[in-house]
1. Cα extents of region 1-58 along the three principal axes, largest first, in whole Å?
2. For region 70-78, in order, what is each residue's ³J(HN,Hα) by Karplus, 6.51 cos²θ - 1.76 cosθ + 1.60 with θ = phi - 60°, in whole Hz (x at glycine and Pro)?
3. With every protein chain in place, what's the accessible area of Phe53 (1.4 Å probe, Å², nearest 10)?
4. In degrees, nearest 10, range 0 to 90: what is the angle between the Cα axis of helix 147-161 and the longest Cα principal axis of the chain?
5. Which log10 I(q)/I(0) values does the chain give at q = 0.12, 0.21 Å⁻¹ under the Debye formula, counting every alpha carbon as one identical point scatterer?
6. Please give the contour-minus-distance gain from Trp7 to His76: 0.36 nm per residue of separation, less the Cα-Cα distance, rounded to one decimal in nm.
7. I want to make sure I understand the PRE zone here: with the label point 7 angstrom from the Cα of Ala136 toward its beta carbon, which residues in region 59-88 have backbone N atoms less than 19 Å away?
8. For region 31-155, which whole-number percentage of the solvent-accessible area (1.4 Å probe, protein heavy atoms only) is attributable to carbon and sulfur atoms?
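The values are calculated or read from the model by the stated rules, or taken from the named source; none is laboratory data. All figures in this text were calculated on a predicted structure; none of them were measured in a lab. Cβ sites come from the backbone with ideal geometry, for glycine too, and all protein chains shown count toward neighbours. To get the accessible areas, we keep the full protein, side chains included, count just its heavy atoms, and leave off ligands, DNA and RNA. Shrake-Rupley method; radii C 1.70, N 1.55, O 1.52, S 1.80 Å.
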Amino acid sequence: MPGKSGWEPRIIAFCCHYCAYGAADLAGSLRYRYPAGVHIIRVPCSGRVDERFILRALARGADGVLVAGCLEGTCHYVAGNVRAARRVQRARALLAEMGLEAERVEMFRVSASMGAAFAAFVRDFARRVRNLGPLAADTGEGGAGDDRGAVETASRAAGGRW
């Protein structure tokens, strides 16, 4: 459902191949609805998603980033979802340090059979991001309202920070 201005958030969802992508596929097969502004990127494992990927997605136009992985204890790569959760927390902390809403980044654990839960979580996350409003565009001037530029700089710096 579009907001009052007609604006809908652009959300990047990094989904692990085995569980989260399967849940997204099941949600689609069962015709569960979630916003069209959610763009799914399939990754081998949620543990492959680095802080730089999260920050770069925000810097390049996303208003929110979701990292979806296997349920705890069921990761096909043993501890990839645990690594992903730590990376999501670090990305959230970095956003908060920059004065941006950490709520723009979330981790969700799901099994391939949980299509309804996946769709419900994505709808809820999109609603929360919509309530936050758009991430301010990079004006190139480095002043207030240059959130995307600040996030891009942080994504470059994150390469050596962790």
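1. Principal-axis extents of the Cα atoms in region 1-58, largest first: 37, 31, 9 Å.
2. These are the phi-based 3J(HN,Hα) values: 5, 4, 4, x, 10, 4, 5, 10, 6 Hz.
3. So the heavy atoms of Phe53 present about 80 Å² to solvent.
4. So the inclination is approximately 70 degrees.
5. -0.50, -1.34
6. Details: separation 69, 0.36 × 69 = 24.84 nm, distance 3.75 nm.
Difference between extended and current length: 21.1 nm.
7. Counting only backbone N, you get 59-64.
8. Values: 3000 of 5940 Å².
That fraction is 51 percent.
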